[in-house]
Amino acid sequence: MPDPPPSSPEHHDLEGDYRPAAPSPLDPVNTRIEPVDAAYLMKLTDALNNTLDLQTLLSRTSELVRAVINYRIFAIFLLNDHTHDLRMRFQIGHTPQVERTRIPVGKGVVGQVALTRQPLLLNDVTSSEYYIPANPEVRSELAVPLIAKNRLIGVIDLESKEPGYFQPEHLRLLTVTASRIAQAIENARLYARVSRQAQTLEVLNEIAVELASILELNPLLERVGQLLRRLIDYQMFTIMLLDEKGEILVTRYAWRFGSTHAPLRRIPVTSGLVGAAVREWRTINVPDVRKDPRYLEMNPETRSELIVPLFYKGRVIGVLDLEHTRTGFFNEGHERMLTTLASQIAIAIENARLYQAVIRQERQLERDLAMARQVQLRLLPPEAPSHPHAEMAVRFLPARSIGGDLYDFIDYGPNRTAIVLGDVSGKAAPAALFAALVSGIMRSAAQQQPGPADMLAHLNAALQERKLESQYVTLLFALWNDENQTLQVANSGAVQPVFCRSGQSLTVKAEGFPLGMFPDVAYEEFNVATQPGDVIVFVSDGILDAENEKDEMYGQEQLSSLLCASRDLPACEIADAILADVTRFQGGRDRFDDETIIVLRVR
């Protein structure tokens with residue numbers, strides 16, 4: 001269908017751009033020009049004030065212009081400040097190929113209007129030096145600049161297949177419209193930018209929070225790539241980290257056109273764009289890598305590349321490398337976003353590395369502790385000895401993989417056994433090593449079969465010679481004589497033994513200074529005469545100090561009560577009953593100290 005004819009058979013000359021036209025046989029009703037009245041300006045004002053959405057605003061503008069100019073081909077071009085070209089943001093009647101065209105300022109009718117900031121009316125485009133024949137059927141064109149606050153923001157362009165279709169009145173109407181909508185378009189674009197910035201900041205915050213929660217390096221790097229796509233529509237992405245010497249960039253994660261692709265690439269920092277970003281400590285944005293001699297071709301499709309260094313504590317640890325098949329794809333906004341996010345990514349990467357190092361150390365420590373525990377258990381006697389007039393039992397439960405408690409049964413000749421129960425200061429491996437030292441010295445001295453008090457004095461003197469800072473041991477040494485059923489007891493600060501006879505309990509009041517704290521210490525020795533049915537229990541402080549969920553301690557009173565209640569049981573069952581009662585008392589609370597029980601029951 002041909003364009004409607006102009007509203008008058010004659011066109012007035014406007015700087016020679018249009019010429020008289022022959023009368024049209026079409027219905028003149030379709031081409032009548034209405035004056036620009038208050039009603040039109042009111043509609044225009046309402047359309048501009050009722051929306052801040054750019055596409056809605058451009059669509060309404062097209063409708064208002066159609067009300068006064070019966071066009072067939074319409075377009076609004078907006079100026080891109082970064083690339084300095086005009087891009088079609090709204091159109092009616094153009095082909096998709098034309099819609100994607102970018103027009104440099106100064107090229108074509110639209111570019112010339114943008115350059116001169118003056119409207120242009122062409123009655124016959126074929127005679128114009130400015131016209132670019134994008135549509136061979138177009139014969140006349142009208143273009144008006146969009147200017148807001150003395151700054152060009154775009155161009156409104158109308159085209160017709162009829163020569164001489166547009167008139168000076170059309171030009172005046174479009175100029176009036178353009179002067180009203182230019183600022184509205186700029187406001188809508190500003191609102192869109194602010195909205196995008198707000199969304200970007202929100203996404204950046206979400207990314208920073210999420211990255212801080214990922215402590216494994218490979219999942220972290222993959223998540224970085226996924227999250228960055230919420231900000232930048234890149235096509236290729238690589239994370240490269242420096243080796244330990246800081247000389248080689250090693251690919252740790254790569255993404256290519258929708259799939260993970262991570263070939264092991266090693267690039268010296270002395271070469272390539274990525275190396276330049278490390279050496280120069282700055283972001284590098286290359287619009288066209290084919291024109292940069294530093295570029296090392298990894299992907300033949302790449303045209304533009306953006307490299308952002310990752311800084312951590314004043315040093316570069318790697319780079320983020322984004323690529324695109326379109327030239328000039330990455331802009332200053334992309335640089336700002338990535339620079340802001342890069343510091344968070346660097347911290348997350350270092351946290352993940354530190355976490356991995358800690359995990360490796362913990363695993364090695366667990367292996368070392370497991371071996372040390374095996375050694376410690378080998379040093380402890382496998383079972384308690386038995387005599388004609390006495391039975392003994394022991395239970396040992398460390399609070400950690402290696403305990404600080406030590407116990408032993410030492411043969412002192414026929415019918416005599418030394419019962420040893422100690423507690424080394426500290427926990428885990430240091431305590432176990434110190435316990436092994438004490439045990440070795442004690443076993444060596446036991447060959448001379450000293451009495452309990454003399455044994456403690458000898459141990460104290462030996463530990464003074466091998467004094468270790470903040471290391472000491474509390475130890476109870478008791479010597480059982482099965483011939484006369486007596487017990488000799490000496491104590492260096494350990495828990496005092498509990499004695500039960502005929503349902504009544506008492507405590508053996510043996511006391512003394514811990515071993516290794518003070519030189520030249522003498523220890524008291526107590527003799528206890530027993531009777532058949534008597535039960536004596538030796539416990540570490542982990543038993544008496546065990547706490548329940550109310551922070552109450554198990555205590556000696558409960559121990560004495562349970563001991564007397566179970567005195568008729570075999571020694572092993574008495575030990576089991578005590579350990580079970582302590583466990584029941586603690587409930588769900590974790591053990592904080594080693595728990596050791598030795599029971600001596602007189603037959």
Matching option when the condition is touching a Lys or Arg at 6+ places or on another chain (Cβ under 7 Å), surrounded by fewer than 16 Cβ atoms within 10 Å (Cβ to Cβ) and either without any contact (Cβ under 8 Å) to a residue 60 or more places away in the chain or in the same structural domain as ASN50 (by TED's automatic domain parsing) (or both), among GLU137, GLU202: GLU137
Odd one out for ARG193, checked against (1) among the basic types (Lys, Arg); (2) crowded, with 16+ Cβ neighbours inside 10 Å; (3) within 58 Å of the chain's Cα centre (by Cα): (2)
Hits in region 313-330 (condition: at pLDDT 90 or above and surrounded by fewer than 18 Cβ atoms within 10 Å (Cβ to Cβ)): ARG315, THR325, ARG326, THR327, GLY328
Residue within region 230-247 that is more than 24 Å from the chain's Cα centre (by Cα) and part of a strand (DSSP E or B) present: no
Test: residue in region 462-484 that is crowded, with 22+ Cβ neighbours inside 10 Å and in contact with a His (Cβ under 8 Å, 6 or more places away or on another chain): yes
Residues of region 488-518 classified as surrounded by fewer than 17 Cβ atoms within 10 Å (Cβ to Cβ), on the phi < 0 side of the Ramachandran plot, over 55 Å from the mean Cα position of the chain (by Cα) and not in a strand (DSSP E or B), total: 2
Checking TRP281 against (1) touching a residue at least 12 places away in the same chain (Cβ under 8 Å); (2) closer than 24 Å to ASP81 by Cβ; (3) loosely packed, with under 13 Cβ neighbours inside 10 Å, the condition it does not meet: (2)
Qualifying residue in region 146-155 (condition: of a type in the set (S, T, N, Q) and more than 22 Å from LEU57 (Cα to Cα)): no
Residues located in region 299-315, provided they are out of contact with any helix residue (DSSP H, G or I) (no Cβ under 9 Å at 6 or more places or on another chain) and touching a residue at least 24 places away in the same chain (Cβ under 8 Å): ASN299, GLU301, ARG315
Failed criterion for CYS572 (all others in (1) outside any loop (DSSP other than H, G, I, E, B); (2) in contact with a helix residue (DSSP H, G or I) (Cβ under 6 Å, 6 or more places away or on another chain) hold): (2)
Failed item in (1) more than 14 Å from LEU79 (Cα to Cα); (2) of a type in the set (Val, Ile, Thr); (3) in contact with a strand residue (DSSP E or B) (Cβ under 6 Å, 6 or more places away or on another chain); (4) not in a helix (DSSP H, G or I), with ILE132 passing the rest: (3)
Cβ pairs under 8 Å, 6+ apart, first in region 170-183 and buried (at least 22 other Cβ atoms within 10 Å of the Cβ), second among the hydroxyl-bearing types (Ser, Thr, Tyr) and assigned to a helix (DSSP H, G or I): THR177/THR61; ILE181/THR61
Matching strands (runs of 3 or more DSSP E) fully within region 257-317 where at least 3 residues are under 23 Å from ALA348 (Cβ atoms): 304-312
Any hit, region 516-531, residues being in the same structural domain as ALA457 (by TED's automatic domain parsing), without any contact (Cβ under 8 Å) to a residue 12 or more places away in the chain and touching a strand residue (DSSP E or B) at 6+ places or on another chain (Cβ under 9 Å): no
GLU552 being over 20 Å from ALA418 (Cα atoms) and surrounded by 13 or more Cβ atoms within 10 Å (Cβ to Cβ): no
Near pairs, Cβ below 8 angstrom, 6+ apart or cross-chain, from region 351-371 (free of Cβ contacts under 8 Å to residues at least 60 places away in the same chain) to any residue that is of a type outside the set (Lys, Arg) and surrounded by 12 or more Cβ atoms within 10 Å (Cβ to Cβ): GLU366/SER401; ALA370/SER401
Residue count, region 108-129 (criterion: of a type in the set (Gly, Ala, Ser), closer than 20 Å to PRO168 by Cβ and in contact with a strand residue (DSSP E or B) (Cβ under 8 Å, 6 or more places away or on another chain)): 1
Meets criteria (small (Gly, Ala, Ser) and under 46 Å from the mean Cα position of the chain (by Cα)) for ALA178: no
Scan of region 372-387 for residues that are in contact (Cβ under 8 Å) with a residue 24 or more places away in the chain and part of a loop (DSSP other than H, G, I, E, B), ordered by number: LEU380, PRO381, ALA384, PRO385
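The values are calculated or read from the model by the stated rules, or taken from the named source; none is laboratory data. This structure is a prediction, so every number in the text was calculated from the model and none was measured. Using ideal geometry, Cβ is built from the backbone for each residue, glycine included, and neighbour counts are taken over all protein chains shown.
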